[in-house]
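Reviewing the structure listed below.
The values are calculated or read from the model by the stated rules, or taken from the named source; none is laboratory data. For clarity, every value in this text was computed on a predicted model and none was experimentally measured. Positions of Cβ are backbone-derived with ideal geometry, glycine not excepted, and every protein chain shown enters the neighbour counts. Remember, those area values only see protein heavy atoms, side chains included, never the ligands or the DNA or RNA. Shrake-Rupley method; radii C 1.70, N 1.55, O 1.52, S 1.80 Å.
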Amino acid sequence: MELLKRLTEAFGVAGFENEVRSLVKNAMKEFCDEVRTDVMGNVIGYKKGKGRTSRRRSLMLCAHIDEIGFLVTHIDDNGFLRVDPVGGVNPKLSLSQRVIVCGRKHLFGVIGSKPIHILTEEEMKKQVEIKDMFIDVGLPKDKVKELVSVGDPVAFYQSFFRIGNHLCCKAMDDRVGVYVMLESLKEMKKHEVDVYAVASTQEEVGLRGAVTSAFGVDPSIGIALDTTLACDVPDTPAHQRITELGKGVAIKIKDTSSISNPLLVRHLKEIAEAKKIPYQMEILPRGGTDAGAIQRTRAGVPTATLSIPTRYVHSVVECVHEEDVKSAVKLIVAYAEKAHEKDYTL
Ligand code: CO
Ligand code: ZN
C-alpha cells in the first residue's frame, strides 16, 4: 500500500496535476510498453495485447489523477490569501483544514475561522462560503507576495492513515482508482486486447481530460475506475446506502454522466461470479465519472465504471476498504483476459 500512500498524499488540483502526474508516469513505465503524456496532461500507457494484430480490440481503462482544491485569487495587505474552489469543494468541510499552497515552493497553510467565543448566534447558523474564507500561511505579506502568485493551486494536506480495515486520506477520489489501474497493469499477463491505461486530468471540473484522451485513443471498450459513495453509516436507511464498504467492487449501472452498456455490465457480473470476486451493483443518484466522456466519444463506445466504495467523499478523510481495492484489481485483470470475447453492440 506504499504506492497508494504516495498517490493520495501527492498534490494535483485539477489543471495543475504535475506532481501526481510524474509519480504516475514513472509507475506506469514499469508495467506498460509505451507511456506518453498529452497537452491536457493525461498520462497514457499502452500495453500490447496478445491477439492477432488485424482483429485486436482495445480496452481503455481510465482513472483521474486530479483532486479538488482551490486557486489563489488575491493576496491581501496582511498576507492572507483568498481562493476560488476547483471542483466540488464542501465549504463546511474546508474550515480549519491544513492546506499546501503550491507557490514558488510548497507553503503550509491553514484555512482560518472565527473562534466560537465571538460568533454571533446568526453567524453560528449561517452557511459558510468559500468566498468568505481565507488562508493563513504564517508569513509577512512581503514574503507571501514573493512566494505566492494569483493562480497558484492550493491543495488539502493530509497524510495517509489506516483505521481498522479502512485506508484513509484526502484524494482517495480518485487516486485509489489510479492505484487499482496500476496494480491491474502489473498483474495483467494474458490479455488479447490492447490495453490503454489513461490517468486523466480535470475530471473534477467536468471529465475534461477523458474527453480528449478517449477521442485520441479511440478504444473499442472503455472502463472508468473511480470512487463512489458508500453511505453505510448511522441514520442512512438501507435503500439509500448506494454501496457498502467491504462488500466488494461496485459495478455501476447508472449515474448522472452515463448509463453503463448493459451487455458489458452483464459480462462483468458473469466474470465476477465465475471467479468468485465479491461485487455489488451501484446506482448513484448524483455524480459522474470519466465513463460519461468515453461513452460519447466519436461514434460511441461501450463503457462501464467499476467503483471503489468510499465513505466521506470529497473530504480529507475519504475511507476505502482494503478488500474492495483487491476485488477491483481482480475483476479488471480477469475482465482484460475476456474483453475480446464479446460484442457489446445493442
Ligand atoms: Co470527485
Ligand atoms: Zn472521482
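Which members of segment 27-43 meet the condition of being of a type in the set (V, I, T) and part of a strand (DSSP E or B)? Even if it seems obvious, please write down each step before you answer.
From segment 27-43, those of a type in the set (V, I, T) are 35, 37, 39, 43; that's our starting set.
V35, T37, V43, listed by residue number.
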Check: Taking segment 63-86 on its own, how many of its residues are within 16 Å of ligand 2 (Cβ to nearest atom) and open to solvent by less than 30 Å² (accessible area, probe 1.4 Å)?
Finding: 8
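Given the options D142, D173, name the one that is within 16 Å of ligand 1 (Cβ to nearest atom), of a type in the set (D, E, K, R) and part of a helix (DSSP H, G or I). Give the derivation first.
Values: D142 fails: within 16 Å of ligand 1 (Cβ to nearest atom).
None of the other options fit; the residue is D173.
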Item checked: Every residue from segment 12-26 that is in a helix (DSSP H, G or I) and either in contact with a Phe, Trp or Tyr (Cβ under 9 Å, 6 or more places away or on another chain) or within 15 Å of V154 (Cβ to Cβ) (or both) -> N18, E19, V20
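Quick check, is T303 out of contact with any Gly (no Cβ under 9 Å at 6 or more places or on another chain), among the β-branched types (V, I, T) and either assigned by TED's automatic domain parsing to the domain that holds E183 or within 14 Å of ligand 2 (Cβ to nearest atom) (or both)?
On the way: out of contact with any Gly (no Cβ under 9 Å at 6 or more places or on another chain): no; among the β-branched types (V, I, T): yes; either assigned by TED's automatic domain parsing to the domain that holds E183 or within 14 Å of ligand 2 (Cβ to nearest atom) (or both): yes.
For T303, the condition - out of contact with any Gly (no Cβ under 9 Å at 6 or more places or on another chain), among the β-branched types (V, I, T) and either assigned by TED's automatic domain parsing to the domain that holds E183 or within 14 Å of ligand 2 (Cβ to nearest atom) (or both) - is not met.
Within segment 60-116, how many residues turn out to be of a type outside the set (D, E) and over 23 Å from the mean Cα position of the chain (by Cα)? Before the answer, list the steps.
Just the residues of segment 60-116 that are of a type outside the set (D, E), to begin with: 60-65, 68-75, 78-83, 85-116.
From what is left, the residues that are over 23 Å from the mean Cα position of the chain (by Cα) are 73-75, 78-82, 96, 103-105, 107-116.
Within segment 60-116, residues that are of a type outside the set (D, E) and over 23 Å from the mean Cα position of the chain (by Cα) number 22.
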Checklist line | The listed residue being assigned to a loop (DSSP other than H, G, I, E, B) and under 30 Å from I44 (Cβ atoms), out of V178, V150, V128, V89 | finding: V89
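Sort out for me the helices (runs of 4 or more DSSP H) sitting completely within segment 204-298 that have 2 or more residues that are of a type in the set (G, A, S) and buried (at least 20 other Cβ atoms within 10 Å of the Cβ).
On the way: elements: 208-217, 262-274, 291-295.
Those helices (runs of 4 or more DSSP H) span 208-217, 291-295.
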Check: Is it the case that some residue within segment 46-62 is buried (at least 24 other Cβ atoms within 10 Å of the Cβ) and over 19 Å from K190 (Cα atoms)?
Finding: yes
Check: What are the residues in segment 66-91 that are β-branched (V, I, T) and more than 16 Å from ligand 1 (Cβ to nearest atom), if any?
Finding: V72, T73, I75, V83
